[in-house]
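Visitor: Mind having a look at this structure? Questions to follow.
The values are calculated or read from the model by the stated rules, or taken from the named source; none is laboratory data. The shown structure was predicted, so the numbers you read here are calculated from the model rather than taken from an experiment. Please note: Cβ atoms are built from the backbone with ideal geometry, for glycine as well, and neighbour counts cover all protein chains shown.
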Amino acid sequence: MTELSRGANAPVSGPTLELSVAGARQGSVDLMVFQLGADRKVRSDADFVFFNQPTSPEGAVRLTGADRVQVDLGAVPPAVETLAVAVSLDDAVAGGLRDIGGLGVTVGGPADAHSAPASGLTSERAAVLVEIYRRQGSWKVRNVSAGWTAGLPALAREHGVSVDDAPAPASPPVAAAPSAGQYPPPQPAPSAQPAPSNQPSQAPWRQNTGAQPYPPQQQPQQPYPAGQQYPPQQQYPAAQHSPNPQLPPPVLPQNGAPHGVQPPQGPPPGYAAPGGFPLPGGGMPSTGSPPPASGPGGWPPPGGDLQPVPLPPPPGMVAGYPPPGGR
């Protein structure tokens, strides 16, 4: 039997191999195999062989026990280039893989016998122990002994397996419905809060909406001291009537005539009325008679503007009366 140190490899003949993993136990150290392509990733989660999925889709890899794997190299799909044999600690197990004594893999077959003890592992909780891989049309085995401290989730993600290790959120508790005839007591209505004295109360449709009320009326910053009144109102001086130099002086009453009225003036000397009519205001043209007496203020006396001319008494008048029998 050939012992392979960490990183060493050896050819295998096949066509079938039996792998025995020392230290693997169900519930403490779990055994698994990844079928990897050229990109060192699984083609799908079906290429992940473990205790809940113990056989690959084509049947080339099968878990036959908690510590055994059977491989048919002739049935491995051409797209699969590597079979990675790995282990991981169960979540209930503390510590790392260095605490698992005698951990390693033995590869046997009709013409093959190789051992690959795990070495160099300390605090890792998951590790690839050996790989069986294609090399120029043949198969070879190599001691890997490389691990991940974060355990199985990190190992699975490294090889392209979808892992959802986040715990599902707990559903909120559902309140039990009250039994028949039992109802919760009514909740008292919240007491109304009085509006602040320095702010106007809000209308109902404005309450509990986050709207800001109008600010209170601002008072003068510097009020007048107590007892001091506003300054007295100033009196305007009486209107002074000054003569307007563009207007004629007022006409004063003369000779008893109304204020502002001039007595009528006679026609100018030598004036003759047209057509021989009397002059306006009565009177005939001067014929040598004495001028009519003028009334107060130069106005003619009542009853006309000419003095009556005395006529001789009619014949036969006695003391101004007609004689008897006459008219």
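Visitor: Condition check: at pLDDT below 95, on the phi > 0 side of the Ramachandran plot and touching a helix residue (DSSP H, G or I) at 6+ places or on another chain (Cβ under 7 Å). Does Gly27 satisfy that?
Guide: no
Visitor: So, one more: Yes or no: Val128 more than 60 Å from the chain's Cα centre (by Cα) and at pLDDT 95 or above?
Guide: no
Quick grid of which residues meet (1) surrounded by fewer than 20 Cβ atoms within 10 Å (Cβ to Cβ); (2) among the polar types (S, T, N, Q):
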residue	(1), (2)
Ala118	no, no
Glu124	no, no
Arg134	yes, no
Ser138	yes, yes
Ala156	no, no
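Visitor: Separate question: Tell me which residues, restricted to segment 110-134, are closer than 24 Å to Ala46 by Cα and not in a loop (DSSP other than H, G, I, E, B).
Guide: Of everything in segment 110-134, those that are closer than 24 Å to Ala46 by Cα and not in a loop (DSSP other than H, G, I, E, B) turn out to be Ala126, Ala127, Val128, Leu129, Val130, Glu131, Ile132, Tyr133, Arg134.
Visitor: Give the residues of segment 42-71 that are in contact (Cβ under 8 Å) with a residue 12 or more places away in the chain and of a type outside the set (A, V, I, L, M, F, W, C), sorted by residue number.
Guide: Those that are in contact (Cβ under 8 Å) with a residue 12 or more places away in the chain and of a type outside the set (A, V, I, L, M, F, W, C): Arg43, Asp45, Asp47, Ser56, Glu58, Gly59, Arg62, Asp67, Arg68, Gln70.
Visitor: Hey, another quick one. Out of Gly7, Gly27, Gly37, Gly23, which single residue is of a type in the set (Gly, Ala, Ser), more than 21 Å from Ser138 (Cα to Cα) and either under 60 Å from the mean Cα position of the chain (by Cα) or exposed (fewer than 13 other Cβ atoms within 10 Å of the Cβ) (or both)?
Guide: It is Gly27.
Visitor: Restricting to segment 94-112, what's the tally of residues that are under 24 Å from Arg157 (Cα atoms), surrounded by fewer than 18 Cβ atoms within 10 Å (Cβ to Cβ) and in contact (Cβ under 8 Å) with a residue 40 or more places away in the chain?
Guide: 0
Visitor: Looking at the structure I just gave you, is Val71 part of a loop (DSSP other than H, G, I, E, B) and surrounded by 14 or more Cβ atoms within 10 Å (Cβ to Cβ)?
Guide: Criteria not met by Val71.
Visitor: In this structure, is Gly14 farther than 18 Å from Leu103 by Cβ, at pLDDT below 95 and in a loop (DSSP other than H, G, I, E, B)?
Guide: Criteria met by Gly14.
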